[in-house]
Amino acid sequence: MQTVSAEPQQQKHELPRVLHTSHATAIVVGTLIGSGIFLVPQEMMRATGSSGLVYLAWIVGGLLSLFGAMTYAELSTMLPYTGGEYVYLRRAYGDLTAFLYMWTWFAVAKPASIASVTTGLARTLAIFAAFKWLEGTAFHLGLVVTWAQIFAIAMTWLMTGLNYLGIKKAGDFQLVFTWLKGVLILVIAGFCFASSLGHWGNFGTVFAGAHGGFGGFMIALIAALWAYDGWNDLTMVSGEVQHPERSLPIALIAGLGIVGVLYMATNAAIQYILPAATIAASPRPAVTALGVVTGPWGAALVSGVMALSIFVTLNGTIMSGARVPFAAAQDGLFFRRMADIHPKFQSPSTSLVVQALLTTALLLAVGRFQQLFELAIFAEWLFYMITATTIFVYRRRQPKAVTYRVWGYPVVPALFVVAAAVLLYYSYAENLKNSLLGTAVILLGIPLHFIWRPRHPDAAS
């Protein structure tokens, strides 16, 4: 097995370290809180049928995600370089494993995630009368192109442009609007708890038509983990964070803690207003709950917060995604142009543009990207699991080369690895077709890697 020295090394061309701890924390919080907390309570209730079990799934999902964040905190302080998981995998398991990770992120995971986020933004805004035009057809180009697709493409390029201008500008945007949406989420929860229409007895209600059992709880847990998904994105911009040995652990752990508090407050507010059966019947439980409390304007407020939340998530997703192929190109494992740094803005300019082009292609595929996004979720958790195992490699190889040590080692990292494995098992069982497609996409990277290597014999090793 090929390995690479785990000793910190200077990258050939570094991106500037301009992000503070507050920016890093905002990347974690802002990227995690998208539309999930507003939508998945319905799926979770349909799976478990119990308000108590839904809440338990949020707690367990938050703890498991925290275990992952604590594990990544140690890895990120040991190797605080652009690319995050790519760097950890390459130095622990060699070029092939790192290339497969990069290939999956570059070709499917990040473009599909961006396409899903921008389309979700369009669908959320279409709730408002001023944006009803998003539900219509724009024109035909051999295939139907909708206004929603055009809007999603425009948002992709808008936020790509912001990141093109430099990570400091994108980081400032993330910081300001993450604070704003956090405050608005607390306002929504406050409205619910202050209402005389709520009842603590709703926490004891059940939905009779639920999946039920251990399988139902696992479905709900998967939904919760997907809502918590995205905390790892910060590690991809580690090379641009000041004082990473201190900032990265604080941002990862505190950021996930903040998200957990906001998620549980929101879920509790929904359950305080709505009984289990109503939550299971509502496609947007948070909108329904505030609509009950305040009427149409409250439902509009939740929809507006959803749109803002998705918009901030988009910025973090675009920011992080471009760094992985950039890092691989620096090591000679991908097209050299992908390692370009803009001379004025000091951003990974080519990588950002190519990522936006791939996303545009998916958005024009008339919804097919949704299947790609589902298989990307499978690929993400597979690599979470593999990446988390690298901590055992580094602890054995260089036991004193860390500034932050994960609490509860080796139990905490092991629990996260086991949780990721269980999630993958249930993902396969629930979505066999897309899981197999995800496996095929990853395996396609093997011949591509061996085709690539002879053309670039000077790749760093």
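The values are calculated or read from the model by the stated rules, or taken from the named source; none is laboratory data. Everything numeric in this text was worked out from a predicted model, so none of it was measured. A quick note on method: Cβ atoms are made from the backbone with ideal geometry, for glycine too, and the neighbour counts reach across all protein chains shown.
Details
- Hits in region 202-211 (condition: surrounded by 14 or more Cβ atoms within 10 Å (Cβ to Cβ) and farther than 9 Å from S50 by Cα): N202, H211
- The requirement of being within 30 Å of T389 (Cβ to Cβ) and out of contact with any Lys or Arg (no Cβ under 9 Å at 6 or more places or on another chain) is satisfied by Y88.
- Per this entry, A299 is counted among residues that are free of Cβ contacts under 8 Å to residues at least 24 places away in the same chain, part of a helix (DSSP H, G or I) and surrounded by fewer than 24 Cβ atoms within 10 Å (Cβ to Cβ).
- Sole residue being surrounded by fewer than 24 Cβ atoms within 10 Å (Cβ to Cβ), of a type in the set (G, A, S) and at pLDDT 90 or above, chosen from S65, S76, S50: S50
- When restricted to residues that are of a type outside the set (F, W, Y) and part of a loop (DSSP other than H, G, I, E, B), region 180-236 contains 14.
- Only residues that are over 24 Å from the mean Cα position of the chain (by Cα) and within 15 Å of Y55 (Cα to Cα) were counted in region 278-298, giving 2.
- Inside region 322-351, residues that are part of a loop (DSSP other than H, G, I, E, B) and without any contact (Cβ under 8 Å) to a residue 24 or more places away in the chain make up a count of 4.
- Residues within region 1-39 that are of a type in the set (K, R) and modelled with pLDDT of 95 or more, tallied: 1
- Flag if F392 is modelled with pLDDT of 90 or more, farther than 17 Å from I377 by Cα, surrounded by 14 or more Cβ atoms within 10 Å (Cβ to Cβ) and not aliphatic (A, V, I, L, M): yes
- Any hit, region 268-277, residues being assigned to a helix (DSSP H, G or I) and either free of Cβ contacts under 8 Å to residues at least 12 places away in the same chain or under 28 Å from A112 (Cα atoms) (or both): no
- First in region 158-178 and touching a residue at least 24 places away in the same chain (Cβ under 8 Å) and under 12 Å from S347 (Cα atoms), second anywhere and among the acidic types (D, E) and assigned to a helix (DSSP H, G or I), Cβ under 6 Å, 6 or more apart: I167/E240
- When region 108-143 is limited to residues that are assigned to a loop (DSSP other than H, G, I, E, B) and either of a type in the set (F, W, Y) or touching a residue at least 40 places away in the same chain (Cβ under 8 Å) (or both), the one that is surrounded by the most Cβ atoms within 10 Å (Cβ to Cβ) turns out to be I127.
- Residue match in region 400-412 (condition: surrounded by 15 or more Cβ atoms within 10 Å (Cβ to Cβ), closer than 22 Å to W105 by Cβ and not hydrophobic (A, V, I, L, M, F, W, C)): no
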